[in-house]
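Accompanying notes for the structure given below.
The values are calculated or read from the model by the stated rules, or taken from the named source; none is laboratory data. Since we're looking at a predicted model, the values are computed, not measured. Neighbour counts are summed over all protein chains in view; Cβ atoms, including those assigned to glycine, are modelled from backbone coordinates with ideal geometry. Heads up: the accessible areas ignore ligands, DNA and RNA and are worked out on the full protein's heavy atoms, side chains in. Shrake-Rupley method; radii C 1.70, N 1.55, O 1.52, S 1.80 Å.
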Amino acid sequence: RCLAQAPLAITSPSRRNLVIALGRISRPIDAANQTYAIAFSRDDGETKWETPVANPVADSNAGITVDPEHDTVIVCSGNKVTALRLYDGEVAWQRQLSRDIIDANPVITNDLGPADRLFITDADGFGNSAKLYCINVDECDSVLNPFQPGEIVWSAPLGASAGNSPAYLPACQGGAGLV
């Protein structure tokens, strides 16, 4: 069964023409109601792949988004950010955050050349420990980008926070490189 109100990710025909949703499946080999990222064909509805991901916390509707430059779908669930390959659903990289992601969606840059980044927030609605994270999505380059895919580049404290999705406007659209 699909998670109520959880976002969907949709790919173009050149990226396999998929709809990716989060759903819970109970199987004898998994924990009850394990959350999966499930890719369906937009052409015929056929299931292309299913990959277990971290279960959402507090009925979170945290997001999934497509990173077309790297042919991955990014799933933000529980306290993990996971990049799954669009072709087969295999984990390309995964990063555990300090706290759970609750009702926040990631944003990915596409204008930083070999050093594009993903931004996401975790939650601490009753404390002072929430953070904004900057995570590398590009291949490591010793000169231009010394970070591995999925590595945290930096984080910044937000204080008490929950459900805050970052925003980014590329310079080519009038932005100033700010999150």
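Filter the stretch 78-99 down to the residues that are touching a Ser or Thr at 6+ places or on another chain (Cβ under 6 Å) and closer than 30 Å to GLY159 by Cβ, then identify the one that is least open to solvent (accessible area, probe 1.4 Å). It comes out as ALA83. Restricting the stretch 155-173 to residues that are within 17 Å of the chain's Cα centre (by Cα) and hydrophobic (A, V, I, L, M, F, W, C), the residue that is farthest from ILE120 (Cα to Cα) is ALA162. Selection over the stretch 120-165 of residues that are open to solvent by less than 50 Å² (accessible area, probe 1.4 Å), of a type in the set (A, V, I, L, M, F, W, C), in a loop (DSSP other than H, G, I, E, B) and more than 19 Å from ILE108 (Cβ to Cβ) gives a count of 1. The residues of the stretch 49-71 that are in contact with a helix residue (DSSP H, G or I) (Cβ under 8 Å, 6 or more places away or on another chain) and not in a loop (DSSP other than H, G, I, E, B), listed by number, are VAL66, PRO68. Among residues of the stretch 110-119 being in a loop (DSSP other than H, G, I, E, B) and either modelled with pLDDT under 95 or in contact with a Pro (Cβ under 7 Å, 6 or more places away or on another chain) (or both), the one that is least open to solvent (accessible area, probe 1.4 Å) is ASP111. Screening GLY175, GLY150 for residues that are under 27 Å from ARG85 (Cβ atoms) and small (Gly, Ala, Ser) leaves exactly one candidate, GLY150. Taken over the stretch 4-48, the criterion of being open to solvent by less than 80 Å² (accessible area, probe 1.4 Å), touching a strand residue (DSSP E or B) at 6+ places or on another chain (Cβ under 7 Å), modelled with pLDDT of 90 or more and part of a loop (DSSP other than H, G, I, E, B) is satisfied by THR11, ASN17. When each of VAL57, VAL91, VAL73 is tested for being at pLDDT below 95 and β-branched (Val, Ile, Thr), the lone residue that passes is VAL57.
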